[in-house]
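Engineer: Submitted below is the structure of interest, expressed as structure tokens.
Rule-based calculations on the coordinates, nothing more; no lab input. Because the structure is a prediction, the values reported are computed rather than measured. Cβ atoms come from the backbone with ideal geometry, glycine included; neighbour counts cover every protein chain shown.
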């Protein structure tokens with residue numbers, strides 16, 4: 001798709017700046033760690049993620065959007081075998097892709113090897129917009145391989161894959177933001193979307209709470225599969241975010257990249 005990378009980068013940058021400004025003006029919680037070191041590490045991790053995807057693209061030239069074009073050309077996938085109205089295909093494709101991301105997220109909490117990768121994300125001792133980009137490069141690569149496989153099975157249009165990725169990334173920045181949303185507005189929004197207060201429960205240091213609220217965008221799947229928790233036991237302002245490493249270690253880049261290989 002022509003200029004796709006430029007459009008995505010522009011949208012990502014714009015949304016990031018909006019969320020960063022919003023959480024600065026309306027913070028939900030006081031941050032514990034030093035922001036410069038946290039932000040440096042979280043941004044450095046996404047640079048490693050991008051390099052990993054670049055290398056993956058050498059081995060597999062068609063990443064998710066390219067896979068959609070390839071599947072369409074070859075006639076692979078469910079929606080390339082049907083003549084359903086476009087609005088039905090597009091709606092179903094978005095819902096299926098979102099469910100797969102939800103299921104993948106749940107799986108990373110249940111399979112020890114995947115959890116070792118995913119705990120890099122959870123080790124952050126604060127939660128703000130940069131937490132949304134804090135994922136280990138190996139987890140990012142595995143996630144991309146899953147999306148590629150799903151695209152070949154489902155056969156969604158390339159534009160739908162692009163819209164989905166922009167939507168999920170935008171929602172992730174929103175629901176990780178340290179943003180103080182009025183209680184009534186939060187209750188209304190989370191009827192459909194995952195809000196910051198809803199997702200913050202998922203970043204609790206309590207296992208029973210971080211094994212809940214797996215959604216990155218819509219709240220439907222957690223409600224449907226009974227993994228929804230409305231509020232943390234200690235309340236939003238008193239809960240502890242992170243894992244067992246409640247020190248400066250998670251703010252260090254080398255430590256964060258090596259975390260999956262630690263025994264404990």
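Engineer: Multiplying the sequence separation of residue 83 and residue 44 by 0.36 nm and subtracting their Cα-Cα distance, what value in nm do you get?
Structural biologist: 9.6 nm
Engineer: Top mean-square fluctuation among 118, 136, 24, Gaussian network model of the chain, C-alpha springs under 10 Å?
Structural biologist: 24
Engineer: Of the candidates 247, 98, 186, which one comes out as most mobile in a Gaussian network treatment of the chain with C-alpha springs shorter than 10 Å?
Structural biologist: Maximum among the listed residues: 247.
Engineer: Under the definition of Cα pairs under 8 Å and six or more residues apart, what whole-number percent is the relative contact order of the range 80-154?
Structural biologist: It comes to 26 percent, rounded to a whole number.
Engineer: Oh, and also: How far apart, in nanometres, would the label points at residue 31 and residue 11 be if each is projected 7 angstrom from Cα along the Cα-to-Cβ direction?
Structural biologist: 2.6 nm
Engineer: Which of the peptides 146-152, 39-45 is most tightly packed, and how do the rest follow, judged by the mean count of other Cβ atoms within 10 Å per residue?
Structural biologist: Going by the mean number of other Cβ atoms within 10 Å, highest first, we get 146-152, 39-45.
Engineer: Taking 0.36 nm per residue of sequence separation and subtracting the Cα-Cα distance, how much length would be gained by fully extending the chain between residue 4 and residue 207, in nm to one decimal?
Structural biologist: Full-extension gain reported as 69.2 nm.
Engineer: Still on this structure, I have one more. Between residue 166 and residue 258, what FRET efficiency comes out of the Förster formula 1/(1 + (r/R0)^6) with R0 = 45 Å and r the beta carbon distance, rounded to 0.05?
Structural biologist: The calculated FRET efficiency here is 0.90.
Engineer: Does anyone have the angle between helix 86-110 and the longest principal axis of the chain? Alpha-carbon axes, 0 to 90°, nearest 10?
Structural biologist: 40 degrees
Engineer: A further question follows. Please work out the C-alpha center-to-center distance from the range 194-260 to the range 1-33 and express it in whole Å.
Structural biologist: So the separation of the two Cα centres works out to 20 Å.
Engineer: How far is helix 158-176 tilted off the main Cα axis of the chain, in degrees rounded to 10, range 0 to 90?
Structural biologist: Value to nearest ten degrees: 10.
Engineer: Which order do peptides 209-217, 125-133, 155-163, 176-184 fall in by mean Cβ count within 10 Å, highest first?
Structural biologist: 125-133, 209-217, 155-163, 176-184
Engineer: Also, quick follow-up: Using only Cα atoms, locate the centre of the range 85-117 and the centre of the range 137-154, then give the distance between them in Å, rounded to an integer.
Structural biologist: 10 Å
Engineer: Over the chain, what relative contact order in percent results from Cα pairs under 8 Å that are six or more residues apart?
Structural biologist: The value is 28 percent.
Engineer: Helix 35-59 against the longest principal axis of the chain: what's the angle in degrees, Cα atoms only, rounded to the nearest 10?
Structural biologist: The angle comes out near 20 degrees.
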